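Asker: Starting off with a structure, shown below.
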Amino acid sequence: MVEAAGVAVFALTGALVAARKGMDPFGFILLGIVTGVGGGTLRDLVLGRTVFWVQDPTDVLLCSGVALAAWCFSYARPGLMDGWAGKRLLVWADAAGMALFAVIGTLKALDSGVPMLSATALGAMTATFGGILRDILAGDRPMVLWSRDFYVTAAAAGAAATALLAGFGVHPAVVMLGGLLVGFGLRAGSILFGWSFPPLPGHGS
C-alpha cells in the first residue's frame, strides 16, 4: 500500500511536468510511468532481482491511470496544472514521493540482505532516479541539481534514518515514520526556508 502511494505520487509529478510541456496523453503516460517506476527499476537491477513491475504490471497500470486522469483534468481546466499552482504541487508532490521511495527502497534493500550502508545508497537511488529520468526526458535540468537545495541530501538522510532505525530493531511503523519525517522534513525545510549547504567559494552567495 505504501509503495503504491509512492508510485502514484511520483507518477503525478511526471504528469504535472507533461502538462507544463503541453504533451499529448501518451506523453503524460510515458512520463508518469518512467517517474513512478524508474527508481524501483534501478534498485531491483542493482540487487539482481526481477524488476517489480515486470512480474506484476499493477504499478504500470496505476501510473497510466494517474497520468490519464491528470491529462483529462488538464484538458478540462487548461492552464491550471501548468501554472503557479501546478508548479507548487509538483515541488511538494515530488518531495512526498522522494521521502516515500527513500524509505521503501531502503527497506527492500535491507530485506535482500545487503549491508546498512548499501541499503542507504539504494534508498537514495530509488528516491531520485525516477525524477532524474522525468526531467531529462522533458528537457529540463533535473530537480536534484536545482541550486544547493536539500534533495539528494534529504533522500540520503531519510534512507539513513530508515536503515538505522531498522538496525535498532524498533517497530516497523516507527522505522517508516522516522524515515519519512527525516526525508520529507529536510526537503520541506529547503523549500520553505531555503535550507542548503553553504556555497562553494566563488559560486554565489
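Asker: Which residue pairs have Cβ atoms under 9 Å apart, sit 6 or more places apart or on different chains, and have a first residue in segment 1-27 that is farther than 14 Å from VAL66 by Cβ and β-branched (Val, Ile, Thr) and a second that is at pLDDT 90 or above and part of a helix (DSSP H, G or I)?
Answerer: VAL2/LEU100; VAL2/VAL103; VAL2/ILE104; VAL2/MET176
Asker: Of the residues ALA124, ALA96, only one is at pLDDT below 95 and either part of a helix (DSSP H, G or I) or among the aromatic types (Phe, Trp, Tyr) (or both); which?
Answerer: Selected residue: ALA96, the only one of ALA124, ALA96 that is at pLDDT below 95 and either part of a helix (DSSP H, G or I) or among the aromatic types (Phe, Trp, Tyr) (or both).
This table checks each residue for (1) among the basic types (Lys, Arg); (2) in contact with an Asp or Glu (Cβ under 7 Å, 6 or more places away or on another chain); (3) modelled with pLDDT under 95.
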site	(1), (2), (3)
VAL37	no, yes, no
ARG43	yes, no, no
TRP53	no, yes, yes
GLY65	no, no, no
PHE73	no, no, yes
ARG77	yes, no, yes
ASP82	no, no, yes
LEU90	no, no, yes
LEU110	no, no, no
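Asker: Taking the conditions exactly as written (among the acidic types (Asp, Glu) and more than 18 Å from GLY97 (Cα to Cα)), does ASP111 satisfy them or not?
Answerer: Criteria met by ASP111.
Asker: Right, here's the next one. Restricting attention to segment 155-205, which residues are more than 24 Å from PRO115 (Cα to Cα) and part of a loop (DSSP other than H, G, I, E, B)?
Answerer: Answer for segment 155-205, where residues must be more than 24 Å from PRO115 (Cα to Cα) and part of a loop (DSSP other than H, G, I, E, B): GLY194, TRP195, PHE197, PRO198, PRO199, LEU200, PRO201, GLY202, HIS203, GLY204, SER205.
Asker: A follow-up question, please. Right, GLY194: among the small types (Gly, Ala, Ser), more than 16 Å from the chain's Cα centre (by Cα) and within 22 Å of VAL17 (Cβ to Cβ) or not?
Answerer: The answer is no for GLY194.
Asker: Select from segment 82-140 the residues that are charged (D, E, K, R) and either farther than 19 Å from THR50 by Cβ or in contact with a Ser or Thr (Cβ under 7 Å, 6 or more places away or on another chain) (or both) and list them in ascending order.
Answerer: ASP82, LYS87, ARG88, ASP94, ARG134, ASP135, ASP140
Asker: Could you list, in sequence order, all residues of segment 1-58 that are within 17 Å of ALA102 (Cα to Cα) and not in a helix (DSSP H, G or I)?
Answerer: Hit for segment 1-58 is MET1, nothing else.
The values are calculated or read from the model by the stated rules, or taken from the named source; none is laboratory data. Quantities reported herein were computed from a predicted structural model and do not represent experimental measurements. Cβ sites come from the backbone with ideal geometry, for glycine too, and all protein chains shown count toward neighbours.
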